[in-house]
1. Check whether at least one residue in segment 38-55 is among the small types (Gly, Ala, Ser), in contact with a Leu (Cβ under 8 Å, 6 or more places away or on another chain) and farther than 18 Å from Ala109 by Cα, and report yes or no.
2. Go through segment 65-100 and give me each residue that's touching a strand residue (DSSP E or B) at 6+ places or on another chain (Cβ under 7 Å), closer than 30 Å to Leu25 by Cα and in a loop (DSSP other than H, G, I, E, B).
3. If you check Gln103 against the conditions, is it loosely packed, with under 14 Cβ neighbours inside 10 Å and either assigned to a loop (DSSP other than H, G, I, E, B) or among the polar types (S, T, N, Q) (or both)?
4. Would you point out the residue of segment 86-111, among those that are closer than 29 Å to Arg56 by Cβ and in contact with a Gly (Cβ under 7 Å, 6 or more places away or on another chain), that is modelled with the lowest pLDDT?
5. Give segment 11-40 a look and list any residue that's surrounded by fewer than 17 Cβ atoms within 10 Å (Cβ to Cβ) and closer than 15 Å to Ser94 by Cα, or say none.
6. Take the residues in segment 41-74 that are in contact (Cβ under 8 Å) with a residue 40 or more places away in the chain and of a type in the set (A, V, I, L, M); name whichever of them is surrounded by the most Cβ atoms within 10 Å (Cβ to Cβ).
7. Using the structure shown, decide if Glu58 is over 30 Å from Ala33 (Cβ atoms) and either part of a loop (DSSP other than H, G, I, E, B) or within 12 Å of the chain's Cα centre (by Cα) (or both).
8. Using the structure shown, decide if Ala91 is more than 11 Å from the chain's Cα centre (by Cα), in contact (Cβ under 8 Å) with a residue 24 or more places away in the chain and surrounded by 13 or more Cβ atoms within 10 Å (Cβ to Cβ).
Amino acid sequence: MLRRGAGERGSATAETAVVLPAIVLVLACCLGALQLGARQLRLQDAAADAARTLARGEPASSAAGRASGAVSGATLAIEQDADLVCAVLSAPASTPWFDLGEQRARSCALGGGR
């Protein structure tokens, strides 16, 4: 049987101490990506809701209120494309560690449906 030398005592602890910050960093990046993905889904759902609201003929303030209630910091831009009413929402894409610019979502609905 081979015996470990006296110089190897505690080496597993030292290796863990060296690798642990990298593991924490990778975990933080994964959690940030999940957070941004979930925010994009909420933004897309809010854009669809705002487009339907505008297509029913409700005021833009109502659609903007619903959008900002669903996603904090969201701003609404309205586009007309023939019979379609489109809502474009944008919101800051940031995590607690990084500011990644802006997330955008666009959704259209057939206008005139009352």
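The values are calculated or read from the model by the stated rules, or taken from the named source; none is laboratory data. On a predicted model such as this, the values are computed, not experimentally measured, just so you know. Neighbour counts run over all protein chains shown; Cβ positions are idealised from the backbone, glycine included.
1. Checking segment 38-55: not a single residue is among the small types (Gly, Ala, Ser), in contact with a Leu (Cβ under 8 Å, 6 or more places away or on another chain) and farther than 18 Å from Ala109 by Cα.
2. Within segment 65-100, Val71, Gly73, Ala74 qualify.
3. When the stated conditions are applied, Gln103 does not pass them.
4. Ranking the qualifying residues of segment 86-111, first place goes to Pro92.
5. Those that are surrounded by fewer than 17 Cβ atoms within 10 Å (Cβ to Cβ) and closer than 15 Å to Ser94 by Cα: Ala28, Cys29, Cys30, Leu31, Gly32, Ala33, Leu34, Gln35, Leu36, Gly37, Ala38, Gln40.
6. My answer is Ala50.
7. Answer is yes for this residue.
8. No; evaluated as a whole, the condition is false for this residue.
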